[in-house]
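Asks: Structure below; questions to follow.
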Amino acid sequence: SMLSFSIDFIFIFFFNDTATTEIYTLSLHDALPISFIKRAAQADLIAEHIRRSPYPVIVCGDFNDTPTSYAYHEIANGLTDAFTNSGNGFGKTYIRTFPSLRIDFILHSEELRSYNFQTITSKKLSDHYPVSCLVEVGGN
């Protein structure tokens, strides 16, 4: 499901579970050829929603896709990746030993500033590590 707050920001959260609306779920759990096509269409719709937002945007989610993917590039276009801005290391978010993948993201509008990106490896809540960062609102 998608949560939007139109006070000063629009927050878009992606949840990868069966209760979410399919259009906002980016999932590798479909048959692979179909999932690439579905994800591309979903990414296009989400990117359009972000571009039309009159507010600064923060997008957090399990994309189940790497930073080299079409979905990531389409959604992240014009946004700042909090990991590349303030994280370190490889940023692995998928718990399995191999492959070491960063497939969970925090992206935000360029007028916001992110600090202290962390992948929280001390908590095992699913097959992904949680990610967090601080976002400065109204800073220069």
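Asks: Let me check the size of the range 35-140 from its C-alpha atoms; what are the radius of gyration and Dmax in Å?
Replies: Considering the range 35-140 through its Cα atoms, Rg and Dmax are 13.9, 41 Å.
Asks: Moving to a separate point now. Please work out how much accessible surface CYS60 shows to a 1.4 Å probe, ignoring ligands, DNA and RNA, in Å² rounded to 10.
Replies: 30 Å²
Asks: Can you give the accessible area of GLU110, probe radius 1.4 Å, in Å² rounded to 10?
Replies: 130 Å²
Asks: In what sequence, largest accessible area first, do HIS128, HIS49 appear using a 1.4 Å probe?
Replies: Details: HIS128 20, HIS49 65 Å².
The most accessible residue leads, giving HIS49, HIS128.
The values are calculated or read from the model by the stated rules, or taken from the named source; none is laboratory data. Worth saying up front: this structure is predicted, and the values here are computed from it rather than measured. With ligands, DNA and RNA removed, areas are computed over all heavy atoms of the protein, side chains included. Shrake-Rupley method; radii C 1.70, N 1.55, O 1.52, S 1.80 Å.
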